[in-house]
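Here's the structure, in structure tokens; my notes come after.
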RNA sequence: GCCGGGUUGGGGUAGGGGAUAUCCUUGGGGACUGUGGAUCCCCGGACCCGGGUUCAAUUCCCGGACCCGGCCCCA
């Protein structure tokens, strides 16, 4: 075993996996572009300070931070939002709305576990400067469309909720501490009902209110069941503005063809800065952590010394996505690319093969050539195991006739082609 | 930071206080100097690290590293 070891929690990517990753990333980029989002990028290291603005010590403990040679406290970026915010508030001339995406590498210093490494990529999308149902919908729909294009249609469910609505419910049923109650609800699926009840009781939620609320939390609601659920909990919220907005968002997402979306009161997201809609995507079987998550955070920009700018966005990590795609048998790359392996025989043959190789490349064809002294049998074996779609053979016969032999390695068919007609390939 | 389970060639494994460490696969080569995937043959390649016990440790004990999973946290 080598003494040069990989760092804990990091992963290598060999071509067989890297090709799939690149394919996934191009689907993400293309989908974002189709939705009118533009690419940005930012450094992988930031001053530790910018994470202190919106987060507590807990996050700082989990960053890859260090002092640089000028003794500045810096960190490998643990999340995308602060850098994006920094860029947004630094430019006052940007035309609104600002629609940005990117796929940064992020780092977190914590114990590796399933779907979580110390380094990962996150597809990050943000929409700044506008509010309203259709804005939220656009962001959620982009997440859905991306997953659909990855082949996951009907294999995931988006759970949405609204922070404002949740706060109204909590107030009405007697919560004395909204943020603290939110964080109890955030653990709803992880802890026993008894433990949740006990904690909510401590927040001031008791009696019939508590029973009804627990029942309300216990399931999620497709479009058809929401009114009934809100009627049943009896808080007279059916005509509430936030309720109606949440409801029409659900309706709109559904109408756009993304039907696996439900209202889920237990989806609240742990983070304190969300101000409106929050959402998370899960695989239908509930085997993995969330595939993506996000929400509206209209007040965050003001913490970065900018004006208050409406914002909604999501992050989609590569690790859970990879787990899910592997489980669904969607991790293979179907190699449909046409590629050539040029085999020259003898000194003259090799020389000619070399020239053809570069002609092919200038024609934007993918091509390599045999540079070992193998016999033709082994060369073909090699070309085949390297997944070339075609072999081009240049031997004595071809040299004489100024031609090449093109062999399709999948079908076995082969034909002669004059050098003058190389463009017919 | 905490808890559980692991670690034998590149991958998957067998074994076991003393032996040339098993088998499959991958990789390289050949049979096959102008036609691949089959078959056969040959070759290369491993006991995670450190300490302890012992005449002797890859095997037993302790510690560490790493891997898998869980907790905390989740941006």
For chain A, modelled as a Gaussian network with Cα springs under 10 Å, which listed residue fluctuates most, A:342, A:184, A:137?
-> A:342
For the residue pair residue A:16 and residue A:95, what label-to-label distance in nm results when each label sits 7 Å from Cα along the Cα-to-beta-carbon direction?
-> 4.8
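Per the helix-only calculation at 222 nm, which mean residue ellipticity applies to chain A, given -39500 (n - 2.57) for every DSSP H run of n ≥ 4 and division by its residues, nearest 500 deg cm²/dmol? Don't skip to the end; give the middle numbers.
Details: 16 runs with 164 residues, N = 425.
Helix contribution divided over all residues of chain A: -11500 deg cm²/dmol.
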Considering only DSSP beta bridges with both partners in the stretch A:339-424, what is the antiparallel share in %, to the nearest 5?
-> 50
Which one of A:376, A:53, A:185 has the biggest mean-square fluctuation once chain A is modelled by GNM with Cα springs under 10 Å?
-> A:376
Roughly how many whole Å is it from the C-alpha centroid of the stretch A:239-312 to that of the stretch A:361-384?
-> 52
Using Cα atoms only, what is the angle between the long axis of helix A:207-217 and the major principal axis of chain A, expressed in degrees (0 to 90) to the nearest 10?
-> 10
The residues A:322, A:259, A:211, A:370, sorted from fewest to most surrounding Cβ atoms within 10 Å, come out as A:211, A:259, A:322, A:370
Cα axis of helix A:193-202 to longest principal axis of chain A: angle in degrees, 0 to 90, nearest 10?
-> 50
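For the stretch A:131-249, what does the alpha-carbon gyration tensor say about shape, rounded, prolate or oblate, given a ≥ b ≥ c as the root eigenvalues, a/c under 1.5 as rounded, and a/b over b/c as prolate? Could the numbers behind the result be given before it?
Numbers: a/c = 2.10, a/b = 1.59, b/c = 1.32.
It comes out prolate by the Cα gyration axes.
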Calculate the all-directions average of the projected area of the stretch A:339-424's alpha-carbon convex hull, and give it in nm².
-> 5.0
Which one of A:23, A:113, A:332 has the biggest mean-square fluctuation once chain A is modelled by GNM with Cα springs under 10 Å?
-> A:113
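Provide the packing ranking of A:283-290, A:163-170, i.e. peptides ordered by the mean count of other C-beta atoms within 10 Å per residue, highest first.
Details: A:283-290: 14.9, A:163-170: 21.1.
Order by mean packing, descending: A:163-170, A:283-290.
Let me make sure I get this right: for the stretch A:11-64, a, b and c are the square roots of the gyration tensor eigenvalues over alpha carbons, sorted descending. Under 1.5 in a/c it's rounded, otherwise prolate if a/b > b/c, else oblate. Which is it? Walk me through the intermediate numbers first.
Values: a/c = 3.16, a/b = 1.57, b/c = 2.01.
Verdict is oblate for the stretch A:11-64.
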Measure off 7 Å from each Cα along the Cα-to-Cβ vector at residue A:119 and residue A:302, then give the distance between these two points in nanometres to one decimal.
-> 3.9
Least to most buried among A:81, A:336 (fewest other Cβ within 10 Å first) | A:336, A:81
Rounded, prolate or oblate (a/c below 1.5 giving rounded, otherwise prolate when a/b exceeds b/c) for chain A by Cα gyration tensor | prolate
Relative contact order, percent, of the stretch A:339-424 when contacts are C-alpha pairs under 8 Å separated by at least 6 residues?
-> 30
Taking Cα atoms only, helix A:81-90 is inclined relative to the longest principal axis of chain A by an angle, in degrees rounded to 10, of 90
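Hey, what's the Cα Rg ratio for the stretch A:1-114 versus the globular rule of thumb, 2.2 N^0.38 Å?
Numbers: Rg = 17.2 Å, N = 114, 2.2 N^0.38 = 13.3 Å.
Working it through for the stretch A:1-114, the quotient is 1.29.
Determine the percent antiparallel among the DSSP beta bridges restricted to chain A, to the nearest 5.
Working: 49 of 63 bridges.
The antiparallel fraction comes to roughly 80 percent.
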For the pair residue A:424 and residue A:381, how long in nm is the line joining their label points, each one 7 Å along Cα→Cβ?
-> 3.3
Relative contact order of the stretch A:15-327, defined on C-alpha pairs under 8 angstrom at six or more residues apart (%) = 21
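Where a number appears in this text, it was derived from the coordinates with a stated rule and is not lab data. Owing to the predicted nature of the structure, the values given are computational and were not obtained by experimental measurement. Glycine also receives a Cβ, built like all others from the backbone with ideal geometry; neighbour counts cover every protein chain displayed.
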